[in-house]
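The values are calculated or read from the model by the stated rules, or taken from the named source; none is laboratory data. Worth saying up front: this structure is predicted, and the values here are computed from it rather than measured. Positions of Cβ are generated from backbone atoms using ideal geometry, with glycine treated the same way; all protein chains shown enter the neighbour counts. Protein only, heavy atoms only, side chains kept; ligands, DNA and RNA dropped before computing areas. Shrake-Rupley method; radii C 1.70, N 1.55, O 1.52, S 1.80 Å.
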Amino acid sequence: MHLHDFWFLLIAFLWTGYFFLEGFDFGIGVLTKLLARDRTERRVLINTIGPVWDGNEVWLITAGGATFAAFPDWYATLFSGFYLPLLAILVCLILRGVAFEYRHKRPEDRWQRNWEHVIFWCSLLPAFLWGAIFAALVHGVPIGRDGNYAGGPTDLFTPYALLGGAVTLVLFTFHGAVFAALKTVGDIRVRARRCATGLGLATVVVSVPFLVWTQSDSGNARSLVAVVLAVLALAVALIMNQRGREGWAFALSGVAIAAAVAMLFLALFPEVMPSSLDPAWSLTAANAASSPYTLKIMTWVAGIMTPLIMAYQAWTYWVFRKRIGTHHIPEPAGH
């Protein structure tokens, strides 16, 4: 295996980890409006991800940094062509982090309500945009002979890309509902399971056409295996959720996300950005990669640091593994 192929696989792994972890973060943010009935329940939902949401975003930073270092041409064309949606995601992630920290700083109802709106919209929009971006990436975008993006903003949001955005939005919200059921107790846990059932069925409705479309348009034998795995994992996750086996349901919803992301990267390889203008102008893992010496140094660094980061994050989840309920939330002052 060439080093540029190895780094393509590693970047695919990093994006998969990001969507697995940040997926339920986004889902919890959306559920603060869909599931929570009052401010106390919203605090319960936010507290389920309070210790881990910022650590989950490390995967995004690592994936972006690895792309910049290992595939500079891919990084340059991707971030210039998708500048506006990526900027929107960045702004949302910044505002969302501020909302988590500032929401409880003042007791006024309007203050907290406004920050809760920020959490909802700044979770919903990135969940949609990530799917649209990766769908457009696989489907192909206008790339010229010089390897630069040659289209406009409207070229990114085709019907296929919009369907991809709908898939990630519903899938992440389902993943978040299963996580909420896993991490809470009492009535909110029961309603989270019920909500996850509806969201899971909605995920099947939008994801199956998207997966079939992707497979028929860009797929191969390897991506077909990932498609079948994603559908089976989603179906079994729904069954486990119905039976109250939240741990299995969460693991399997995560497998469905991982398999769907794997399918996109398997359909993409060996290209990293297909050109819709001329296949000969597409960026590939070979022609967009850094020098072999750069990739060799990066491999040594990644081999040492990646396991340490994963171990630390696993320990964080173990420490904060307990459930939370409304009885853990103190009454506001004056009540």
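Kindly indicate whether F26 is closer than 30 Å to L252 by Cβ and in a helix (DSSP H, G or I).
Numbers: closer than 30 Å to L252 by Cβ: yes; in a helix (DSSP H, G or I): yes.
The answer is yes for F26.
Any idea which residue in region 265-288 is nearest to I133 (Cα to Cα), counting only those that are in a loop (DSSP other than H, G, I, E, B) and among the small types (G, A, S)? If you could, list the steps in order and put the result at the bottom.
Residues of region 265-288 that are in a loop (DSSP other than H, G, I, E, B), as a first pass: 269-270, 274, 276-278, 282, 285-288.
After this cut, where a residue has to be among the small types (G, A, S) as well, the list is 276, 282, 285-286, 288.
On the way: S276: 15, S282: 17, A285: 19, A286: 22, A288: 19 Å.
Residue satisfying both the conditions and the ranking: S276.
List the residue pairs whose Cβ atoms are under 6 Å apart, where the first residue sits in region 246-259 and is touching a residue at least 12 places away in the same chain (Cβ under 8 Å), the second is β-branched (V, I, T), and the two are 6 or more positions apart or on different chains.
Here the result reads A249/V178; F250/V178; L252/V236; S253/V178; A258/T16, each pair linking region 246-259 to a residue that is β-branched (V, I, T).
In the list I188, I133, which residue meets the criterion of being under 16 Å from the mean Cα position of the chain (by Cα), more than 19 Å from D54 (Cα to Cα) and open to solvent by less than 30 Å² (accessible area, probe 1.4 Å)? Give the steps one after another, and end with the answer.
Working: I188 fails: under 16 Å from the mean Cα position of the chain (by Cα).
Testing whether each residue is under 16 Å from the mean Cα position of the chain (by Cα), more than 19 Å from D54 (Cα to Cα) and open to solvent by less than 30 Å² (accessible area, probe 1.4 Å) leaves just I133.
Would you point out the residue of region 144-169, among those that are over 22 Å from L199 (Cβ atoms) and modelled with pLDDT of 90 or more, that is least open to solvent (accessible area, probe 1.4 Å)?
Keep residues of region 144-169 that are over 22 Å from L199 (Cβ atoms), which gives 144-160.
Next, only the ones that are modelled with pLDDT of 90 or more stay: 159-160.
Values: P159: 99, Y160: 6 Å².
This residue is Y160.
Might you check whether a residue that is of a type in the set (A, V, I, L, M), more than 22 Å from R189 (Cβ to Cβ) and out of contact with any Cys (no Cβ under 6 Å at 6 or more places or on another chain) occurs anywhere in region 14-26?
yes
Looking at this structure, is N114 open to solvent by 10 Å² or more (accessible area, probe 1.4 Å) and touching a residue at least 12 places away in the same chain (Cβ under 8 Å)?
So N114 does not fit the description; no.
Return the residues of region 203-237 that are under 12 Å from L171 (Cβ atoms) and either open to solvent by less than 40 Å² (accessible area, probe 1.4 Å) or free of Cβ contacts under 8 Å to residues at least 12 places away in the same chain (or both); say none if nothing qualifies.
Matches in region 203-237: T203, V205, V206, S207, F210, L211, A230, A233, L234, A237.
In region 103-125, what count of residues is obtained for those that are assigned to a helix (DSSP H, G or I) and farther than 15 Å from T32 by Cβ?
Residues of region 103-125 assigned to a helix (DSSP H, G or I): 109-125.
Next cut, farther than 15 Å from T32 by Cβ only: 109-111.
Total meeting the criteria: 3.
Identify all residues within region 57-88 that are open to solvent by 20 Å² or more (accessible area, probe 1.4 Å), out of contact with any helix residue (DSSP H, G or I) (no Cβ under 6 Å at 6 or more places or on another chain) and of a type outside the set (A, V, I, L, M, F, W, C); write none if there are none.
Across region 57-88, the qualifying residues are E57, G65, P72, D73, S80, Y83.
Which of the residues spanning region 263-283 are touching a helix residue (DSSP H, G or I) at 6+ places or on another chain (Cβ under 9 Å) and free of Cβ contacts under 8 Å to residues at least 40 places away in the same chain? Reasoning before the result, please.
Applying the first criterion (touching a helix residue (DSSP H, G or I) at 6+ places or on another chain (Cβ under 9 Å)) to region 263-283 yields 263-276, 283.
Result: E271, single match.
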